[in-house]
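Derivation of every value follows stated rules applied to the coordinates shown; laboratory data play no part. Worth saying up front: this structure is predicted, and the values here are computed from it rather than measured. Don't worry about glycine lacking a Cβ; one is built from the backbone with ideal geometry, like all the others, and counts go over all protein chains shown.
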Amino acid sequence: MSGFKPRLYCYELPGSWTVLAGATDEDNDYLSTELAEPGDWWFHAEGVPGSHVILRARAGEEPGQDTIQQAAAVAAYHSKSRGAGTARVYCTRARYVTKPRGAKVGTVHVAKGKVLKVRPDISFATRVSGGAAS
């Protein structure tokens with residue numbers, strides 16, 4: 001990815017949790033396969049095109065269910081489900097997300113996780129700059 005400069009959306013959730021979302025397929029690849037740490041949480045709207053979303057892990061601290069739901073809502077918002085009343089969003093740890101050999105840009109394989117039902121929303125999140133290498 002010579003000269004590639006990722007374009008990521010960066011949000012701060014209540015409790016100072018950081019969420020990153022890819023803007024393009026290339027950004028999603030970078031976010032999911034290079035930037036994400038194994039302990040980070042990974043989200044993607046189920047069955048529709050959308051951003052890969054990462055909730056950054058914090059040492060010695062687990063996000064509460066509200067934070068997980070908010071990160072899932074950001075993933076739903078940054079997908080084709082944005083206008084839906086509710087959306088299904090896949091949630092797992094980043095360690096379970098891999099890029100299959102030869103797969104097209106933006107395509108990943110998820111080994112395990114769960115599906116959450118959320119309303120697409122970012123009203124509770126604060127958009128911040130500096131998401132490219134956070």
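How many nm separate the modelled label positions at Thr24 and Thr107, each set 7 Å beyond the Cα in the direction of the Cβ?
1.9 nm
Count the net charge of all other residues whose Cβ sits under 13 Å from the Cβ of Thr18, scoring Lys and Arg as +1 and Asp and Glu as -1. Intermediate results must be reported in sequence, preceding the final value.
Working: positive: Arg56, Arg58, Arg127; negative: Glu12, Glu37, Asp40, Glu61.
Around Thr18, the surrounding residues sum to -1.
Return the Rg/Rh ratio of the chain with Cα-based radii and a Kirkwood Rh. Don't skip to the end; give the middle numbers.
Numbers: Rg = 13.5 Å, Rh = 14.5 Å.
We get a ratio of 0.93 for the chain.
Among residues other than Tyr90 whose Cβ falls under 14 Å from its Cβ, what is the net charge (Lys/Arg +1, Asp/Glu -1)? Can you show the working numbers first?
On the way: positive: Arg88, Arg93, Lys112, Lys114, Lys117; negative: Glu46.
After counting each charged neighbour, the total is +4.
If each residue of separation counts as 0.36 nm, what is the full-extension length gain between Thr92 and Thr126 once their alpha-carbon separation is subtracted?
Values: separation 34, 0.36 × 34 = 12.24 nm, distance 2.31 nm.
Here the segment from Thr92 to Thr126 would lengthen by 9.9 nm.
Restricting to DSSP H runs of at least four residues, report the calculated mean residue ellipticity at 222 nm for the chain, -39500 (n - 2.57) per run over all residues, nearest 500 deg cm²/dmol.
Working: 2 runs with 19 residues, N = 134.
After summing the helix terms and dividing by the residues of the chain, the value is -4000 deg cm²/dmol.
Treating only the Cβ atoms of Lys and Arg (+1) and Asp and Glu (-1) as charged, compute the dipole magnitude of the stretch 40-134 about its Cα centre; round to the nearest 20 debye.
Values: 15 positive and 6 negative charges, 80 e Å.
Roughly 380 debye for the stretch 40-134.
Would you work out the relative contact order for the stretch 36-134, in percent, from Cα pairs under 8 angstrom that are 6 or more residues apart? Working shown, then result.
Values: 182 pairs, mean separation 30.9, N = 99.
It rounds to 31 percent for the stretch 36-134.
Calculate the FRET efficiency for Lys80 and Lys114 from the Cβ-Cβ distance with a Förster distance of 22 Å, rounded to the nearest 0.05.
Numbers: r = 21 Å, r/R0 = 0.95.
Given R0 = 22 Å and the Cβ-Cβ separation, E is 0.60.
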